[in-house]
Amino acid sequence: MSPPASPTLANQIEHLLPQTQCTKCGFDACRPYAQAVATGHASYNQCPPGGAEGVARLARLLGKPVIPLNPVNGIERTRTRAVIDEAVCIGCTLCIQACPVDAIIGAAKQMHAVLPSLCTGCDLCIAPCPVDCITMENVTTTTGWAGWSQAQADAARSRHDFRAMRLQREKAENDARLAAKAAAKLKEVEAETAHSEEARREQDRKKAIIQAAMERARLKKLQAQADKNAGSTS
């Protein structure tokens with residue numbers, strides 16, 4: 001039996017990040033940031049939730065000097081969590097869509113609520129709220145890794161990855177429904193009997209529109225698969 005493969009540098013870097021998925025580093029999530037640091041396209045001092053200790057952790061791994069946190073990305077602060085004012089919430093679901101770890105529950109036109117133990121304090125739900133009913137409250141008096149544990153980071157990473165897979169599955173299912181609908185519509189158009197030149201031109205126009213949409217969907221699916229394959233090899 002062959003020994004397990006050694007973790008890539010990107011994997012090692014990702015393991016040292018707090019996994020708040022806050023995007024303050026300038027990337028969409030912790031994983032893309034880890035990949036950028038591993039390839040030298042980002043510095044190792046761009047993670048405010050990790051703070052000074054986070055920079056030191058990465059510096060040790062990379063064999064580089066400890067440097068200050070880049071203020072452009074934010075400051076080290078106490079851990080916070082989101083709180084929704086139930087009396088003001090209009091149930092728009094925008095905060096649910098923005099939460100990277102599925103820490104907000106609710107449904108359209110119904111009051112939403114934050115699951116305190118799951119919230120990473122990323123702040124991403126604040127901006128999209130149209131009625132400003134979300135505030136961030138302090139959970140700790142300590143900052144950075146002093147207010148966050150490896151177990152919490154691992155759990156947040158799992159929720160983020162599960163959410164990404166769920167969204168991908170839902171998108172694939174929706175694309176399949178649209179493709180089936182387009183195919184059915186094309187079949188319907190092809191079955192139509194054109195009784196005049198004008199009707200034939202209209203029939204051809206409809207067929208061309210549907211076929212073009214189906215081809216765009218096919219190419220988009222191929223590109224998504226290529227991006228997925230490229231990400232899995234990083």
Segment 110-145, residues that are within 13 Å of CYS99 (Cβ to Cβ) and among the small types (Gly, Ala, Ser): ALA113, GLY121, ALA127
Qualifying positions in segment 53-67 - under 25 Å from the mean Cα position of the chain (by Cα) and of a type in the set (Gly, Ala, Ser): GLY54
So ALA146, is it of a type in the set (Gly, Ala, Ser), closer than 30 Å to ALA212 by Cβ and at pLDDT below 95: no
For LEU61: the one exception among (1) open to solvent by 50 Å² or more (accessible area, probe 1.4 Å); (2) assigned to a loop (DSSP other than H, G, I, E, B); (3) aliphatic (A, V, I, L, M): (2)
Index of the failed condition, ASN70 passing every other in (1) more than 23 Å from ASP132 (Cα to Cα); (2) within 20 Å of the chain's Cα centre (by Cα); (3) of a type outside the set (Asp, Glu): (2)
Which listed residue, of ASP102, ASP154, ASP123, ASP85, is acidic (Asp, Glu), out of contact with any His (no Cβ under 8 Å at 6 or more places or on another chain) and farther than 20 Å from LYS24 by Cα: ASP85
Neighbours by Cβ (under 9 Å, 6+ apart or cross-chain): first from segment 99-128, on the phi > 0 side of the Ramachandran plot; second open to solvent by 40 Å² or more (accessible area, probe 1.4 Å) and part of a strand (DSSP E or B): GLY121/ARG79; GLY121/ARG81; GLY121/MET136; GLY121/VAL139; ASP123/MET136
Complete set of residues in segment 97-152 that are outside any loop (DSSP other than H, G, I, E, B), closer than 28 Å to LEU58 by Cα, of a type in the set (Ser, Thr, Tyr) and open to solvent by 40 Å² or more (accessible area, probe 1.4 Å): THR141, THR142, THR143
Answer residue from segment 12-55, given it is among the hydrophobic types (A, V, I, L, M, F, W, C), open to solvent by 20 Å² or more (accessible area, probe 1.4 Å) and outside any loop (DSSP other than H, G, I, E, B) and is farthest from LEU118 (Cα to Cα) among those: ALA38
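The values are calculated or read from the model by the stated rules, or taken from the named source; none is laboratory data. Predicted, not measured: the structure shown is a model, and the values here were computed from it. Here Cβ is always computed from backbone atoms with ideal geometry, including for glycine, and neighbour counts include all displayed protein chains. Surface areas here come from the heavy atoms of the whole protein model, side chains and all, with no ligands, DNA or RNA. Shrake-Rupley method; radii C 1.70, N 1.55, O 1.52, S 1.80 Å.
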